[in-house]
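What follows draws every value from the coordinates through simple rules; no lab data is involved. Keep in mind it's a predicted model, so treat the numbers as computed, not measured. Here Cβ is always computed from backbone atoms with ideal geometry, including for glycine, and neighbour counts include all displayed protein chains.
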Amino acid sequence: MNLNIAWLYPKQMSTYGDRGNIITLVKRCRWRNIDVNIDEIDLGDKIDSKKYDLYFFGGGQDRSQIKVSEDLQKIKRGDLVRAADEDAVFLSICGGYQLLGHYYQPSHGNKLEGVGILDVVTRASNTRMIGNLVIKANKDFIRNKFNPLTLVGFENHSGKTYLGKKASPLGLVEKGFGNNGEDKTEGAVQRNVFGCYLHGPLLPKNPHFADLLIKTALSKRFGDVELKNLKDSEELLAHDAAIQRSRSV
Ligand code: GLN
C-alpha cells in the first residue's frame, strides 16, 4: 500500500510550521509500513490529478496568496476541481483554506479568486483573530471512531470565512474565534475536502485527525483499510495540554 501526496506551494504557503502536517502524515504512514511519496507542487507546475490521493495546502500571508491565486486560476484550478470531484482528500490551513473557497477579499486590492471546491467565501476584517483554538468536531463527517472529539491548534488570521449551503463546519468553537468570530463555526468540510484555521501545526497534536485523512485517502484505491493503532500517548498529552492552556488564558 502507498500514499501519494501533493504538497501545494510549500515555498509560498507554509506559515507557522504548517510543514509539520506533512511530517506527521509521512511518519504515521511509515510507522505502519505504508510507502509515502511527496511531490512539492510550485508556482508554474502542472498537476496530474490522477496521481495524488491527498493534497496539502498550508497557510500564507496576503502577498503570497496573490501570486498563488493567479497561478491557481492560470494553471491548477481545473485539475484540483477534478481531483476533488474524484474524492481526493484535501487538507488546507488558513490562507490555503481561503483559496480552496470561492474567493478571498484582502483588506486592500483585488479579490483573490479561489478554486471553489469549498463552498465558502472569505473577507478580510479589521480584527486580527489570534490565539489558541479548540473545537468540538462535527459528527457529520466522522466516518470512523474519532477520539477525542476535540481538535486543537492556534489561529492567526484577519480573514472572516462564511460557509455556503454545500459546506459543513469542521466543528464548533469551544475556545477562540474560528471561521469568523460570529457564528461559532470553525473550518469547513465538503466531500473529502477539509479546511480550517488550525495552525500548530495541526496534525501532531491531533493524531486522530491525521489518521482519518490517511484512511480516507487510502480508501480511494485500496477500499476500506484498517490502520494499525499507534501508541499516541505523547501526542494526546500534548493535545490535552493545549486544551488546558487554552482554558487558563
Ligand atoms: N492572509 C490571510 C489572513 O490573514 C491568511 C493568513 C494565514 O494563512 N495565517 O486571513
Sum -39500 (n - 2.57) across every DSSP H segment of at least 4 residues in the chain, then divide by the residue count to get the 222 nm mean residue ellipticity, nearest 500. -8500 deg cm²/dmol
Before anything else, pin down the relative contact order of the chain: Cα pairs under 8 Å, at least 6 apart, normalised by residue count, whole percent. 20
What pairs from 46/111; 46/76; 46/166 go past 18 Å between their alpha carbons? 46/111; 46/166
Taking 0.36 nm per intervening residue step and subtracting the Cα-Cα distance, what contour gain separates residue 140 from residue 244 on full extension? 34.8 nm
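Taking the DSSP beta bridges in the chain as the whole, what percent of them are antiparallel, to the nearest 5?
Restricted to the chain, the bridges split so that about 55 percent are antiparallel.
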Calculate, in nm to one decimal, what residue 130 and residue 33 gain on full extension: separation in residues at 0.36 nm each, minus their alpha carbon distance. 31.1 nm
The range 210-246: GluC sites (Glu not before Pro) in DSSP loop, at most 12 other beta carbons within 10 Å: 226
Whats the longest run of the chain with zero trypsin sites (Lys or Arg not before Pro) that are DSSP loop and have at most 14 other Cβ atoms within 10 Å? 167-227
Percent relative contact order for the range 1-139, counting Cα pairs under 8 Å at least six residues apart, stands at 23
Within the range 169-212, backbone nitrogen closer than 15 Å to the virtual label 7 Å beyond the Cα of residue 237 toward Cβ: 205
How big is the gap, in Å, between the Cα center of the range 98-140 and the Cα center of the range 144-163? 12
In what order do 1, 13, 129 fall by count of nearby beta-carbon atoms within 10 Å, going from fewest to most? 1, 129, 13
Taking neighbour counts of Cβ atoms within 10 Å as a proxy for exposure, in what order, fewest first, do 237, 163, 54 appear? 237, 163, 54
Given a Förster distance of 45 Å, the FRET efficiency implied by the Cβ-Cβ spacing of residue 108 and residue 226, rounded to the nearest 0.05, works out to 0.35
Compute the distance in nm between two label points, each set 7 Å from the Cα along the Cα-to-Cβ direction, one at residue 23 and one at residue 168. 3.2
Multiply the residue gap between residue 184 and residue 67 by 0.36 nm, knock off their C-alpha separation, and tell me the result in nm, one decimal place. 39.0 nm
Backbone N within the range 20-41 under 11 Å of label point (7 Å from residue 75 Cα along the Cβ vector): 41
